[in-house]
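Have a look at the structure below before the remarks.
The values are calculated or read from the model by the stated rules, or taken from the named source; none is laboratory data. For clarity, every value in this text was computed on a predicted model and none was experimentally measured. Because the Cβ atoms are built from the backbone with ideal geometry, glycine has one as well, and the counts that use them run over all protein chains shown. To get the accessible areas, we keep the full protein, side chains included, count just its heavy atoms, and leave off ligands, DNA and RNA. Shrake-Rupley method; radii C 1.70, N 1.55, O 1.52, S 1.80 Å.
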Amino acid sequence: DLINLRRHRMSMVFQDFALLPHLTALDNIAFPLRVQGMSRKAREDRARELVELTGLQGREDYYPHELSGGQQQRVGIGRSLATNPELWFLDEPFSALDPLIRQD
């Protein structure tokens with residue numbers, strides 16, 4: 001029920017990834033941690049883990065307009081996982097990903 005949902009960390013991935021255009025892929029992934037007040041080193045370390053998890057190595061310093069749709073989607077997925085959510089709401093989060101990446 002809704003009362004119990006308030007006690008859980010939640011994250012969402014939308015069809016429109018809503019990436020911040022002035023931030024790099026790494027900074028977009030780290031953004032929720034910045035909002036939470038986490039130190040720069042800690043949030044960058046966590047974001048680098050998620051870059052590896054989402055297969056974005058070598059693209060950390062790319063801006064959203066420099067990434068393909070699937071890469072942008074992986075940045076959105078990484079950002080949604082940054083805070084270790086207990087609940088993960090997805091709205092077609094894998095639609096722009098090719099089948100091999102979806103499976104991973």
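Of all residues in the range 60-83, those satisfying the criterion of being charged (D, E, K, R) and either farther than 13 Å from Asp27 by Cα or not in a loop (DSSP other than H, G, I, E, B) (or both) are Glu66, Arg74, Arg79. Scanning the range 35-55 for residues that are at pLDDT below 95, open to solvent by 90 Å² or more (accessible area, probe 1.4 Å) and more than 13 Å from the chain's Cα centre (by Cα) returns Val35, Gln36.
Of all residues being hydrophobic (A, V, I, L, M, F, W, C) and out of contact with any strand residue (DSSP E or B) (no Cβ under 8 Å at 6 or more places or on another chain) in the range 65-79, which is surrounded by the fewest Cβ atoms within 10 Å (Cβ to Cβ)? Just the residue, please.
Restricting attention to the range 65-79, the residues satisfying the condition of being hydrophobic (A, V, I, L, M, F, W, C) are 67, 75, 77.
Going one step further and asking which of them are out of contact with any strand residue (DSSP E or B) (no Cβ under 8 Å at 6 or more places or on another chain), we end up with 67, 75.
Details: Leu67: 20, Val75: 29.
Checking each candidate, the answer is Leu67.
When the range 15-59 is filtered for residues that are within 14 Å of Thr83 (Cα to Cα), outside any helix (DSSP H, G or I) and of a type in the set (Gly, Ala, Ser), the ones remaining, listed by number, are Gly37, Ser39. The number of residues in the range 57-104 being modelled with pLDDT of 65 or more, among the aromatic types (Phe, Trp, Tyr) and out of contact with any Pro (no Cβ under 8 Å at 6 or more places or on another chain) comes to 3.
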